[in-house]
Amino acid sequence: MNRARLAILSLVALAACGRTPPAAPSAVDGWLRLAPPGANASAGYLRLRNPTAQTLRCDRVVSTDFGAAELHRSVIEDGRSRMLRDQVIEVPPHGEAELAPGGYHLMLFRPQRDLAEGDTVQVTLHCGERTVDAVLGVRKA
Amino acid sequence: MGAHYAAAPADAPTKDHRRILTVPSASSPNKTALTVFLAALALIGGVLAAVYMTAPKTTVIESGTLLQQPRALPAFQLVDETGAAFTNAQLQGRWTLIFPGFTYCPDICPTTLGLLKTVQSQLGARADALQVLLFSVDPERDTPAVMQRYVHFFSPAFKGATAPEPALREFAQALGVAYAKVPGATEQSYTMDHSAALVLINPRGEIAGYFTPPHRVEALVKDLGALIENGA
């Protein structure tokens, strides 16, 4: 079951208020966990907002700041920690999805430069015909 | 005591037995009552003392399970983050919290070690009585140097240890830790499934219990603090 679904964190009541909703999906609160020296991969987290009327399905992430990038999910099954690869993140219409420690995350391999706390890196999520750019601030935890 | 009773016929009451149950006819009712009362009191006291002396410690933890009887570990030998041997001797004299994991694990492992760092800080001076050990189930990639860089990134007090097979499997089994290698996109990008519980070792080097996820700082500080204060 690769196509796991993310829980809806909150529904944005865009229709209820009179403002024009933002047209495109976006990523906010992005951060990258500073990896210990020598580590070849770090995890990135963010919140995906989908203000559109269609479900947003993201199945790929790319970044020029890293050698490779994948969508992963940590789960605990039968008392075991497991990491699932090739995940699809679904964000319902007018909803949000959160990538957070212990769950869905961006797996970013081989940073192309030394990263320190306070640096930022760029990633792009591919969601069908749409792309969502995200900035991740590097944090220690 | 067992030998004494075993020597007597099965149906013959012992002298001690009769003395407690029979009351001398010459005694006054008050004296009889007092004798029975004192005998009963002594019996209850003895039973309570026996229960107290043999019972496991009464600390109750909320973020996991303590074993009714701590379980001894067989002799084992791992390699620590400095390249030195890590054996049963290194588990003596203080509590040890064993986190099964591996360093090529960017989500769960740093999250857990970061959390344990916070637990360690909040325990204050009591943290001296607690050793935190990353038990790597990935000896192929987790050399001593890799483990050292990794655990010291979180705390200079944290230890790391692993072992080549079959020592790894033997120690993991003794701990009750399961693990399995899961292939990745490339030969070097495999991951490891591993037990999510933390294993608690008492200062005598025995398995005392398990902390089960989700791990929370507050509960761990409370439980570990109580265990450390109550002693082994």
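Coordinate-derived values only; no laboratory data. Only a predicted model underlies this, so the values are computations on that prediction, with no experimental measurement involved. Note that each Cβ is placed from the backbone with ideal geometry, even for glycine, and that neighbours are counted across all protein chains shown.
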Estimated inter-spin distance, A:Ile76 and B:Asn88, nm [label 7 Å along Cα→Cβ]: 3.1 nm
Summed side-chain charge close to B:Val137 - residues other than B:Val137 whose Cβ falls under 12 Å, Lys, Arg +1, Asp, Glu -1: -1
Global form of the stretch B:123-232, assessed from the alpha-carbon gyration tensor, a/c cut-off 1.5: prolate
Gyration tensor verdict on the stretch B:33-173 (Cα atoms; rounded if a/c is under 1.5, prolate if a/b is larger than b/c, oblate otherwise): prolate
Rough spin-label spacing in nm, given labels placed 7 Å along Cα→Cβ, for B:Arg216 and A:Val62: 4.3 nm
Residue pairs, from the table B:Lys117/B:Lys222; A:Lys140/B:Lys181; A:Lys140/B:Lys222, whose Cα atoms sit over 18 Å apart: A:Lys140/B:Lys181; A:Lys140/B:Lys222
Exposure proxy ranking, count of Cβ atoms within 10 Å, fewest first, for B:Ser136, A:Ser81, B:Ser63, B:Ser121: B:Ser121, B:Ser63, A:Ser81, B:Ser136
Gain in span if fully extended, A:Gln122 to A:Gln54, counting 0.36 nm per residue against the direct Cα distance: 22.0 nm
